[in-house]
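Student: The structure is given below, and queries will be raised subsequently.
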Amino acid sequence: MQQDTLLHVANVSTLCLCMVLKFPQIFVMMRAKSSSGVSLSSLLLELSGFIVFLTYQMYYDYPPPTFLEYPILIAQDVLLLLLILHYNGSLKQSLIYTLLFVGGWRLLTVEKWIIDSAMSLCTFISAASKFTQLRCLWRSKDAGQVSALTWAMATYTCIVLVRFITMTSLNLWVLLTVVYYQKHGSRSKKEE
């Protein structure tokens, strides 16, 4: 019972944090009137991943509570994208990005295999987004206008997945052990 309550609190707090996740980043950029340190490529990858995930959930009629945070995150990322383009002096490119994202979103649902393939790439897209932001920071050796609070909240929202990662790792370990002993066991039987 207590574990269920803890999991419920973690889920609700994660949803609440997602509703304001990008606000600190938005406020930092607006206050500084600069997007230095914030990777445009990272943001575009993240936005793509969010759109794929949301589209997949809607395509397969998942219940809204399972994906409720994604429209909110997408709206916040779109605002961040507009701010980056504005501060980089390339706001005119927003029309191109709009056409690409809307066209890509429509393309995802043309065939079932397209959305399924895109969803299977979602984790890689998300990871690429983080590595792209890291690369930006490592190259500049300056955090610029990157909000530590936004990244702290994002870290918290992912901690809920630690159980999933742990169980996946343990399942993989068991699988590899089974395969190893099956091969080892068959060698022992052949030697006898």
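Student: For Kirkwood radius over Cα pairs in Å, one of (1) 16.8; (2) 20.9; (3) 19.2 was computed from the structure I shared and the rest are decoys. Which label?
Tutor: Structure-derived value, by its label: (3).
Student: Next up: Given the stretch 36-122, report the % of alpha carbon pairs whose separation exceeds 14 Å.
Tutor: Percent of Cα pairs beyond 14 Å in the stretch 36-122: 66.
Student: Pull out the extension gain between residue 156 and residue 139, defined as 0.36 nm times the separation in residues minus the alpha carbon to alpha carbon distance; nm, one decimal.
Tutor: 3.5 nm
Student: Given the chain, what count of lysine pairs have C-alpha atoms under 30 Å apart, with each pair 8 or more places apart or on different chains?
Tutor: Going through the chain pair by pair, I get 11.
Coordinate-derived values only; no laboratory data. Note that the structure is a prediction, hence the values are computed from the model and not measured.
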